[in-house]
Amino acid sequence: MTPTVPREFPRFTAAAVQAAPVFLDPAATVDKAVALIHEAAGHGASLVAFPEVFVPGYPYWNWTMNPVQGSPWYEKLYRAAVDVPGPHVDALRAAAAATGTTVVIGVNERGRHSLGVLYNSMLVIGPDGALLGVHRKLVPTWAEKLTWTQGDGSSVRVHHTPVGPLGMLACGENTNTLARFSLLAQGELIHVAGYIALPVAPADYDMSEAIAIRTAAHSFEGKLFSIVACSTITDEMTEVAAAHDPEIATTMRRPRSALSGIFGPDGRPVTEPLVDAEGIVYAEIDLARCIRPKQMHDIIGHYNRFDVFRLHHDTTPRQPLVRTGELPDEAPLTGPWTPPPVGEQVRTARPPDMR
């Protein structure tokens, strides 16, 4: 995709959702997400951002159990994961279309070809309900490697949406300088960063501060707006991760583990971020504010030396099997949302309780 310089600079309201999923229940979590989309739209939001792997939650057991102990929970997460495309995504697309909002949401995406493949994915859905793109986290962070398969460079891209050129990265990817530079070089002016609350980090690691630092850095370096959405911790997540260990339970309740907010092209929060508690942060975005700061530091333009530094970004999709002479199995990204045939449900019944 060839980057294009925008000719219009939209002004709109953005919403950063800080909330917990209904843990390991995809249908109930999608219901919650749909309600939050309608709530945000009711407050005038044109862009609604949700946390990393919001549907149906984060594998905290990877941090608190050994791989053998955590394996049954991997199976539960796999069974509760989302097919893309699929009925749970259809429900989210319907909500975006009904409210006329652009939606970015994190999901656990089931691999098509292997029971051992789960992706940490971010979906971007247009205001007509079209699934515009799926970004799969390039490198799972630390203990996350026990759950998620790596994505590839094909999904590190900027999407041209009605609110402006939008890119997205999941959690620790926002420390990946080259991934961030690629998005900037594609013309990104709106960056969505999905996070999870991380109470299990080392004792000297303040997750809320870490999120703010990363977000401010990308906003300031790129002279753009960043919308960061982080999940929260529930008692059920604590019980699962702790497995009756009171010390781990105390760790899971550690404060300052989540931050959501909206940051401007000067690196400062546009409004007060939300720490730990559930809620929605709203802010007015004026993309024209990105123009003047670029005159000082445009690291994808005059403030760089491309005769000295160059980034090679391989956008080739990686598949386990390449067959010549046949149509690919991958379903295309879907167009504008349309209601299902009469008598069919957009939302599937909940899977059997695997807990």
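The values are calculated or read from the model by the stated rules, or taken from the named source; none is laboratory data. Being a predicted model, the structure only gives us computed values, none of them experimental. Positions of Cβ are backbone-derived with ideal geometry, glycine not excepted, and every protein chain shown enters the neighbour counts. Ligands, DNA and RNA are excluded from the accessible area calculation, which covers all protein heavy atoms including side chains. Shrake-Rupley method; radii C 1.70, N 1.55, O 1.52, S 1.80 Å.
Determine if the stretch 141-157 includes at least one residue that is acidic (Asp, Glu) and under 14 Å from the mean Cα position of the chain (by Cα). Within the stretch 141-157, none of the residues are acidic (Asp, Glu) and under 14 Å from the mean Cα position of the chain (by Cα). Taken over the stretch 163-193, the criterion of being closer than 18 Å to Val104 by Cα and polar (S, T, N, Q) is satisfied by Asn174 alone. Counting only strands (runs of 3 or more DSSP E) that sit completely within the stretch 99-182, those holding 3 or more residues that are over 29 Å from Asp286 (Cβ atoms) correspond to 102-110, 118-125.
Looking only at the stretch 270-281, which residues are open to solvent by less than 60 Å² (accessible area, probe 1.4 Å) and either among the aromatic types (Phe, Trp, Tyr) or in contact (Cβ under 8 Å) with a residue 40 or more places away in the chain (or both)?
Selection gives Val270, Pro273, Leu274, Val275, Asp276, Ala277, Gly279, Ile280, Val281.
Annotation for the stretch 38-52: at least one member residue is within 19 Å of Thr232 (Cβ to Cβ), out of contact with any Leu (no Cβ under 9 Å at 6 or more places or on another chain), in contact (Cβ under 8 Å) with a residue 40 or more places away in the chain and in a loop (DSSP other than H, G, I, E, B).
The test for being in contact (Cβ under 8 Å) with a residue 24 or more places away in the chain, open to solvent by 80 Å² or more (accessible area, probe 1.4 Å) and either closer than 17 Å to Tyr195 by Cβ or in contact with a Leu (Cβ under 6 Å, 6 or more places away or on another chain) (or both) does not hold for Glu284.
Could you say which residue among Thr161, Thr149 is of a type in the set (S, T, N, Q) and open to solvent by 40 Å² or more (accessible area, probe 1.4 Å)? Testing whether each residue is of a type in the set (S, T, N, Q) and open to solvent by 40 Å² or more (accessible area, probe 1.4 Å) leaves just Thr149.
Mind checking which residues of the stretch 252-261 are open to solvent by 50 Å² or more (accessible area, probe 1.4 Å) and either among the polar types (S, T, N, Q) or touching a residue at least 24 places away in the same chain (Cβ under 8 Å) (or both)? Arg253, Arg254, Arg256, listed by residue number. The condition (being open to solvent by 10 Å² or more (accessible area, probe 1.4 Å), modelled with pLDDT of 95 or more and farther than 26 Å from Ala41 by Cα) is satisfied by just one residue among Arg136, Arg112: Arg136. Against the conditions (1) surrounded by 12 or more Cβ atoms within 10 Å (Cβ to Cβ); (2) of a type outside the set (Lys, Arg); (3) part of a loop (DSSP other than H, G, I, E, B), Cys290 satisfies every one except (3). Taking the listed residues Ser226, Ser257, the one that is at negative phi, polar (S, T, N, Q) and in a loop (DSSP other than H, G, I, E, B) is Ser257, with no other qualifying. For Arg214, state whether it is under 18 Å from Asn62 (Cβ atoms), of a type in the set (Lys, Arg) and outside any strand (DSSP E or B). No, not satisfied.
Can you tell me which residue within the stretch 83-98, out of those that are among the charged types (D, E, K, R) and in a helix (DSSP H, G or I), is farthest from Pro336 (Cα to Cα)?
Per the stated criteria, the residue is Asp90.
Only one of the numbered conditions (1) open to solvent by 10 Å² or more (accessible area, probe 1.4 Å); (2) part of a strand (DSSP E or B); (3) not aromatic (Phe, Trp, Tyr) is not met by Pro202, and that is (2).
Scanning the stretch 58-71 for residues that are within 18 Å of Val117 (Cβ to Cβ) and either in a loop (DSSP other than H, G, I, E, B) or open to solvent by 70 Å² or more (accessible area, probe 1.4 Å) (or both) gives Tyr58, Pro59, Pro67. For the stretch 168-175, does any single residue satisfy the condition of being under 20 Å from Val89 (Cβ atoms), in contact with a Pro (Cβ under 9 Å, 6 or more places away or on another chain) and either of a type in the set (S, T, N, Q) or open to solvent by 10 Å² or more (accessible area, probe 1.4 Å) (or both)? Scanning the stretch 168-175, I find no residue that is under 20 Å from Val89 (Cβ atoms), in contact with a Pro (Cβ under 9 Å, 6 or more places away or on another chain) and either of a type in the set (S, T, N, Q) or open to solvent by 10 Å² or more (accessible area, probe 1.4 Å) (or both), so the answer is no.
Identify, from the list Gly264, Gly222, Gly194, the residue that is in contact with a Pro (Cβ under 6 Å, 6 or more places away or on another chain) and either buried (at least 19 other Cβ atoms within 10 Å of the Cβ) or among the aromatic types (Phe, Trp, Tyr) (or both).
On the way: Gly264 fails: in contact with a Pro (Cβ under 6 Å, 6 or more places away or on another chain); Gly222 fails: in contact with a Pro (Cβ under 6 Å, 6 or more places away or on another chain).
It is Gly194.
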